[in-house]
Ligand code: GLP
């Protein structure tokens with residue numbers, strides 16, 4: 001695992017954006033795995049800037065998002081499909097049919113999980129998977145105790161994750177308690193993983209991910225097994241290393 005520490009989140013996001021931009025320039029047909037959450041917002045802004053200022057071309061890029069809440073339609077403001085459209089896709093020249101987010105309103109969610117895996121394979125696999133980090137060590141919505149070999153599946157959100165993400169929903173009750181997420185096995189199949197984590201709220205999870213034992217109690221520790229995992233941190237998130 002390659003660990004890169006920058007002074008602050010701003011510098012970390014710029015570095016991560018640079019890594020993704022280089023891949024897109026070198027491989028115009030790149031398949032990107034994308035993440036939501038507060039952490040990658042600045043990174044997406046930088047990619048949008050590079051698109052506008054330098055013509056960074058996304059027209060042949062394919063994307064697969066990590067996860068989606070069960071039960072939220074794509075027009076719901078808290079759905080991850082909505083997040084991606086508003087914060088990234090509508091600002092760049094990506095072909096919408098090449099952007100994939102699990103469908104949390106599919107009539108048959110298990111069939112949707114299987115189909116998502118098949119779509120990733122049909123696209124040739126993921127070249128680079130961007131990841132954030134939950135405070136309890138989750139990646140995607142792979143909560144502690146889940147199998148480290150899991151494929152795209154439905155997870156029940158942990159108390160901690162519900163607490164951490166409920167502010168934007170107004171209350172815990174109005175928040176979905178389930179999500180579709182790529183599994184840990186799916187994530188480990190990506191040719192490269194790029195995890196970004198910033199701030200003191202992530203210090204403990206970072207420590208367990210990088211230095212702790214490989215354990216389903218910290219799903220992100222599975223990245224220790226990946227041959228090409230890069231972790232970009234700020235001083236706060238790296239304070240426990
Ligand atoms: C959510 C997402 C994760 C994300 C995590 C951290 O649970 N499913 O993909 O990494 O939150 O979010 P944030 O970046 O807002 O701290």
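Here are a few things to note about the model shown:
- Pairwise label distance in nanometres, residue 241 with residue 174, each label 7 Å out on the Cα-Cβ vector: 3.9
- Orientation-averaged projected area, Cα convex hull of the stretch 159-224 (nm²): 5.5
- Potential extension, residue 25-residue 106 segment - 0.36 nm per residue separation minus Cα distance: 25.7 nm
- Modelled FRET efficiency - R0 25 Å, residue 214 with residue 121, Cβ distances, 0.05 increments: 0.45
- Computed over the chain, Cα set: Rg, Dmax in Å: 16.5, 46
- Fully extending the segment from residue 14 to residue 154, taken as 0.36 nm per residue of separation minus the present Cα-Cα distance, adds 47.2 nm.
- Computed per residue of the chain from DSSP H runs no shorter than four, each worth -39500 (n - 2.57), the mean residue ellipticity at 222 nm is -9000 deg cm²/dmol.
- Panel order for 168, 232, by other beta carbons found within 10 Å of each beta carbon, from fewest to most: 168, 232.
- Label point distance in nm, residue 5-residue 45, each placed 7 Å from Cα along Cα→Cβ: 2.5
- Dividing the mean sequence gap of close Cα pairs (under 8 Å, 6+ apart) by how many residues the chain holds gives a relative contact order of 26 percent.
- A straight line joining the Cα centroids of the stretch 204-231 and the stretch 30-68 runs 24 Å.
Bear in mind these aren't lab numbers, they're just calculated from the coordinates by the rules spelled out. Owing to the predicted nature of the structure, the values given are computational and were not obtained by experimental measurement. For neighbour counting, all protein chains shown are included, and Cβ atoms are generated from backbone atoms with ideal geometry for every residue, glycine included.
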